[in-house]
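**Student:** One structure follows; several queries about it will come next.
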């Protein structure tokens, strides 16, 4: 076994042991994640030991490749890769997803990249050609949206009630608790909250 193959095998197992989760399943398999998470759950019903091997064996080559590509993108053998800075990660400017693709000319024999076919970026979630921005910029946009939500909207989003906080400076303590709730969320969780509620706001504005 050459070093590259050995590294990929190690990356796969370290990924499964340390990172694989339902959220990761969503990242790898998108809208089909429920099917694959169900399959994974069936494998673990037989015991955690050997579940990774059983799960891998159940996948077709196409879906194995998706899983291994994700593992190698996060792990370099046994070591977790240092993820690029958010200012260097491109996302869909419409929905913030990293699941975006561009066609490219690649050598059939060496897999060496030569050039992009076109500037059109395809978002797997939007199912359309989209523009891009950095993950940092999209995060800032979501943060700006969060800051401008009023008390009623924050209560709706967080499930907290301003009236439950001490009457002494209750507005400030409620705001701090709301911000703590928001800041505890991952990028994907914030993105889902933002999209669900920002799209609703735009729809209501259009019909005002």
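Every number here is computed from the coordinates shown, using simple stated rules; none is lab data. Being a predicted model, the structure only gives us computed values, none of them experimental. Here the Cβ is made from the backbone with ideal geometry for all residues, glycine too, and neighbour counts use every protein chain on show.
**Student:** For the range 165-186, what are the residues that are farther than 30 Å from residue 88 by Cα and in contact with a helix residue (DSSP H, G or I) (Cβ under 8 Å, 6 or more places away or on another chain)?
**Tutor:** 165, 166, 170, 171, 174, 175, 177 - these are the residues of the range 165-186 that are farther than 30 Å from residue 88 by Cα and in contact with a helix residue (DSSP H, G or I) (Cβ under 8 Å, 6 or more places away or on another chain).
**Student:** Scan the range 125-144 for residues that are in contact with a helix residue (DSSP H, G or I) (Cβ under 6 Å, 6 or more places away or on another chain) and surrounded by 15 or more Cβ atoms within 10 Å (Cβ to Cβ) and report the count.
**Tutor:** Qualifying residue count for the region: 3.
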